[in-house]
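Q: The following block contains the structure, expressed as structure tokens.
Any read-out appearing in this document is the output of simple, stated calculations on the displayed coordinates, not a laboratory observation. None of these values were measured; they are calculated from a predicted model. Counting neighbours? That spans all protein chains shown, and the Cβs are built from the backbone with ideal geometry, glycine included.
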Amino acid sequence: MLSKSAVTKIHATIIAVMIIAVTVGIYYYKTLPTTPNTIELTVANISYQSNWIQQKIESEWNAKHPDIHVTYLPLADYYTEIVNIFTSTPEKVDIVRTNPGYMAAWADAGWITNIDGLEGFNDTFSKVEPSRRFELLYNGKHYGLPTYTGYMAILLYNEKYLQQAGFDHPPGTLDEFLQQCLAIKNQGIMEYPMAWHLKGSERRIDWAWYEFTLMKGGETLYDDNWNPTYLNPGSPGYESLQFIVDCIHKYKIMDQAAVEWDTFKVVDMLMKGDCVFAPADPFHLPNVNDPETSAEAGNIKMALMPQSHYTWVKTDQFSITKACRDKGAEYYEAAWKFLRWFCGPDNNSLTYMYAKEALTMHTCYTSLNNDPTLRATWSQFMNVSLIDEQAEFAQSLQDFSPAHKTKFYLPWVNDYLIPNLQAAILQTKTVDDALHAIHQGFETLAMEYGLPER
Amino acid sequence: MFNIPAYTILLIFTVFPMIYCFYVSLQKYDLTRPPTMFIGLGNYQNLLTHSIFWISLGNTLVFTFSSLLLMFLTSLGLALLLNEPLRGVSKLRALIVTPWAIPPIVTGIAWAWIFDAKYGIANYLLSSFGLTPFLWLSSPTLAMFSVVFARSWHEITFGTLMLLAGLQSIPPDLYEAAKVDGANALNRFVHITLPLLRNYIALVLIFETMWCLREFSIIYAMTYGGPGTATTVLGWLTYKLAFLYYDFGKGAALAVILSVLTMISAAAYIKLIYRRIEY
């Protein structure tokens with residue numbers, strides 16, 4: 001008969017052996033080679049909503065496609081880290097997120113590859129919203145599929161202050177916009193009714209200039225021969241910069257401190273009741289009338305951009321890397337297959353429609369925009385028909401500002417466009433001098449980098 | 001032989017990076033425009049003919065001079081105060097370390113909040129006293145002042161502690177002898193304190209000039225080089241060239257230019273200010 005302590009020792013030994021066996025088993029299971037001929041792909045993205053996207057990929061792709069296993073790689077400082085990967089270990093990523101500001105440079109650097117001619121490309125491309133198609137094109141080739149089109153400049157206003165000033169509708173023209181701002185100011189309702197993003201960093205002054213130029217006519221900044229359209233007084237680009245300058249210095253309806261504000265700041269001011277008119281992106285709409293986040297909940301409405309109603313839209317996309325293509329046809333085709341699923345019309349909602357704050361207007365695909373379930377969801381936060389109407393006037397940023405298609409877009413914007421726009425606004429340069437300096441910078445860089453085909 | 005490990009570390013972490021940086025500065029090394037190739041002094045020529053370089057150089061000199069002046073005068077005053085046998089001076093000496101304990105990027109963010117035109121505490125206090133608020137970060141002149149002020153505040157610790165160490169190394173007998181000879185406080189300061197402090201002053205100026213010339217964190221946090229190009233300094237420009245435009249050739253060239261500027265200023269300080277002290 002065994003003693004109590006001996007039995008305890010035996011039990012303990014058995015339990016310990018079982019724990020060790022299970023641990024070793026799990027370890028070996030995880031290191032077991034995958035099914036022969038499994039293609040391993042890595043998709044890199046910004047780190048927004050990572051957990052949800054990762055779960056979706058695991059449950060809806062990896063579980064159903066044992067031959068193509070996808071690893072999701074969210075990067076916190078995406079645009080810096082991805083360049084690091086491109087230059088040191090490009091073979092580690094197969095599909096990457098890109099946007100109109102980077103696509104040309106990355107394509108010329110040989111980091112991303114085009115997708116023309118791949119099976120089903122024409123079919124998928126025909127389903128993309130027409131205004132988004134141009135953004136995928138560079139030098140006659142298409143470099144990805146669209147994923148996120150939450151950037152579209154819309155106008156928000158505080159109805160309460162407008163009614164206090166005696167107006168029962170938002171402005172339809174820029175003259176009316178000016179009159180309403182002056183009335184609000186002169187009646188002592190608000191010193192600076194207008195708040196616009198004139199900061200020199202992200203979500204910034206060049207977008208503000210685009211918005212007013214589009215309102216004044218929608219003309220592209222450079223024509224087909226790369227001649228500027230904004231240098232002459234009377235042109236929409238010239239007049240819009242002059243308008244912004246006058247709003248600050250002549251009419252005093254906007255604070256000069258706006259050169260410190262980005263779009264998040266102006267929307268924040270709108271929600272605090274510190275301004276009446278402010279531009280925004282549609283993804284702000286769920287928050288501006290939420291009592292938990294907005295002191296002016298219930299008062300903030302959307303209006304069509306005044307005057308011509310034109311606005312700009314920017315779409316992020318996913319591209320296949322050149323390194324993936326170089327691994328061989330099976331990798332290239334597998335990446336394309338995943339890309340069509342990840343970014344295609346059946347799953348376009350995958351990448352940005354999960355959380356309330358990511359709800360936006362118009363997806364990249366016509367069929368989704370007409371989907372009644374999606375429209376019903378959107379209508380909780382926005383006037384969907386007004387968004388539809390605004391979207392009809394949406395012009396792709398790359399179409400309106402063709403400099404987006406150049407390799408030198410970032411140096412042009414950072415060294416010439418932003419500083420000179422701000423100089424005009426701060427009146428350290430005249431509007432004329434500032435615009436000429438902007439184009440001179442464009443010419444200097446064009447000589448150094450070369451210009452793409454139009 | 002015993003110095004070999006130290007020399008090896010110096011070689012790997014100091015000499016090699018300097019040489020490699022110079023080597024990269026002679027290349028067309030733009031990640032978005034391969035291939036990389038030798039172009040000699042092409043990057044330097046490009047920089048020196050670009051207006052943004054001269055604007056940045058001018059801003060850097062203004063930023064450096066202003067920061068040094070404000071930091072030095074404040075540090076000297078504080079050091080003189082802390083050198084006195086006052087009650088609670090030891091606690092004050094401990095407090096003076098606070099600015100340096102805060103990372104520069106955090107300093108920049110904090111001061112950006114303080115100087116925010118709409119919601120910052122600086123304008124709130126001005127308004128409370130019936131004064132006109134300022135556009136601290138959106139006026140070109142005030143933006144430069146704001147970054148200078150933030151930087152000087154951060155560096156007060158170093159200047160004060162160095163000068164205090166210098167003050168405490170001056171033999172008190174000299175002051176006693178001077179008092180006996182009828183020298184007043186100003187005379188003692190000018191003829192005893194300053195001359196005997198000059199090596200410490202030189203040290204403070206060398207280090208602070210070096211750090212000012214390559215300032216980045218505070219500019220990044222407060223103004224992003226703006227408004228316009230009002231606070232675009234060489235350190236900020238180097239970051240933009242290398243890490244925003246991915247042009248490592250030009251970034252390296254600018255880094256070399258910055259290094260040369262730093263060496264020239266250090267040599268000038270040593271020649272003009274540094275003296276062998278004999279009591």
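Q: Per-residue HN-Hα couplings for the range B:35-41, Karplus 6.51 cos²θ - 1.76 cosθ + 1.60 at θ = phi - 60°, whole Hz, x for Gly and Pro?
A: x, 7, 8, 6, 10, x, 8
Q: Sticking with this one: Under 5 Å between amide H atoms, partner at least 5 residues away or on a different chain: which partners does A:F318 have, H built in plane at 1.01 Å?
A: A:T98, A:L145, A:T147
Q: With each pseudo-label sitting 7 Å past Cα toward Cβ, what's the A:T23-B:V180 distance in nm, one decimal?
A: Result for the modelled spin labels: 7.9 nm.
Q: Got the relative contact order for chain B handy, in percent, Cα pairs under 8 Å and 6 or more residues apart? Spell out each step's value before the answer.
A: Details: 335 pairs, mean separation 81.2, N = 279.
Once normalised by length, the contact order is 29 percent.
Q: In addition: Using amide H atoms built in the peptide plane, which far-off residues or other-chain residues are under 5 Å from A:T71 H to H?
A: Placed amide hydrogens put A:L41, A:T42, A:V43 under 5 Å from A:T71.
Q: Still on this model: So if I place +1 on the C-beta of Lys and Arg and -1 on the C-beta of Asp and Glu, and nothing else carries charge, what would the dipole magnitude of the range B:4-272 be about its Cα centre? I want it in debye, nearest 20.
A: Numbers: 14 positive and 10 negative charges, 41 e Å.
In total the dipole reaches around 200 debye.
Q: Which value in nm describes the separation of the simple spin-label points at A:V7 and A:W52, placed 7 Å from the Cα toward the beta carbon?
A: 5.5
Q: Taking each residue in B:109-119, count the Cβ atoms of any other chain within 10 Å of its Cβ, then average. What number comes out?
A: 3
Q: Now, a different point. When every alpha-carbon pair in the range B:55-199 is counted, what percent end up more than 20 Å apart? Can you show the working numbers first?
A: On the way: 6276 of 10440 pairs.
Tail of the P(r) past 20 Å holds 60 percent of the pairs.
Q: Another question, if that's okay. Once label points are set 7 Å from the Cα along Cα→Cβ at both B:L272 and B:Y20, what is their separation, rounded to one decimal in nm?
A: With each label placed 7 Å out from Cα toward Cβ, I get 3.6 nm.
Q: What per residue convex hull volume, in Å³, do the alpha-carbon atoms of the range A:1-144 yield?
A: Details: hull volume 28.1 nm³, N = 144.
Roughly 195 Å³ of hull volume per residue.
Q: Continuing with this model, one more query. Which angle between 0 and 90 degrees, to the nearest 10, do you get for helix A:78-88 versus the longest principal axis of chain A when only C-alpha atoms count?
A: Taking the Cα atoms of chain A, the angle to A:78-88 is about 60 degrees.
Q: Right, next: If we count other beta carbons within 10 Å of each Cβ, what is the order of B:I257, A:I15, fewest first? Mind dumping the intermediate values first?
A: On the way: B:I257 19, A:I15 10.
Fewest-to-most Cβ neighbours within 10 Å comes out as A:I15, B:I257.
Q: Still on this structure, I have one more. Computed FRET efficiency, Cβ-Cβ of B:F65 and A:T229, R0 45 Å: what is it to the nearest 0.05? Don't jump to the answer; show the numbers that get you there.
A: Details: r = 43 Å, r/R0 = 0.96.
Given R0 = 45 Å and the Cβ-Cβ separation, E is 0.55.
Q: In chain B, if every C-alpha pair distance is counted and binned at 10 Å from zero, what percent goes to each bin?
A: P(r) for chain B, in whole percents per bin: 6, 22, 27, 24, 14, 5, 1, 0.
Q: What is the order of B:W153, A:W226, fewest Cβ neighbours within 10 Å to most?
A: Working: B:W153 18, A:W226 15.
Listing B:W153, A:W226 from fewest to most nearby Cβ atoms yields A:W226, B:W153.
Q: On to the next question. Output needed for chain A: three equivalent-ellipsoid semi-axes, defined as square roots of 5 times the C-alpha gyration tensor eigenvalues, in descending order, whole Å.
A: Details: eigenvalues 444, 167, 82 Å².
That gives 47, 29, 20 Å for the three semi-axes.
Q: Please work out the FRET efficiency for the pair B:F207 and A:E91, using the Cβ-Cβ distance as r and a Förster radius of 30 Å; give the result to the nearest 0.05. Present the calculation step by step, with values, prior to reporting the outcome.
A: Details: r = 44 Å, r/R0 = 1.47.
E between B:F207 and A:E91, to the nearest 0.05, is 0.10.
Q: Distance from a point 7 Å along Cα→Cβ of B:L41 to each backbone N in the range B:234-249: keep the residues under 20 Å and list them by number.
A: B:249
Q: I'd like the mean, over residues of B:94-101, of how many other protein chain beta carbons sit within 10 Å of each residue's own Cβ.
A: On the way: counts 0, 0, 0, 0, 0, 0, 0, 0.
If you average over the peptide's residues, the count of other-chain Cβ atoms is 0.
Q: Return the percentage of antiparallel bridges among DSSP beta bridges fully within the protein assembly as shown, rounded to the nearest 5 %. All intermediate terms of the calculation are to be shown ahead of the outcome.
A: Values: 26 of 40 bridges.
Antiparallel bridges make up about 65 percent of those DSSP assigns within the protein assembly as shown.
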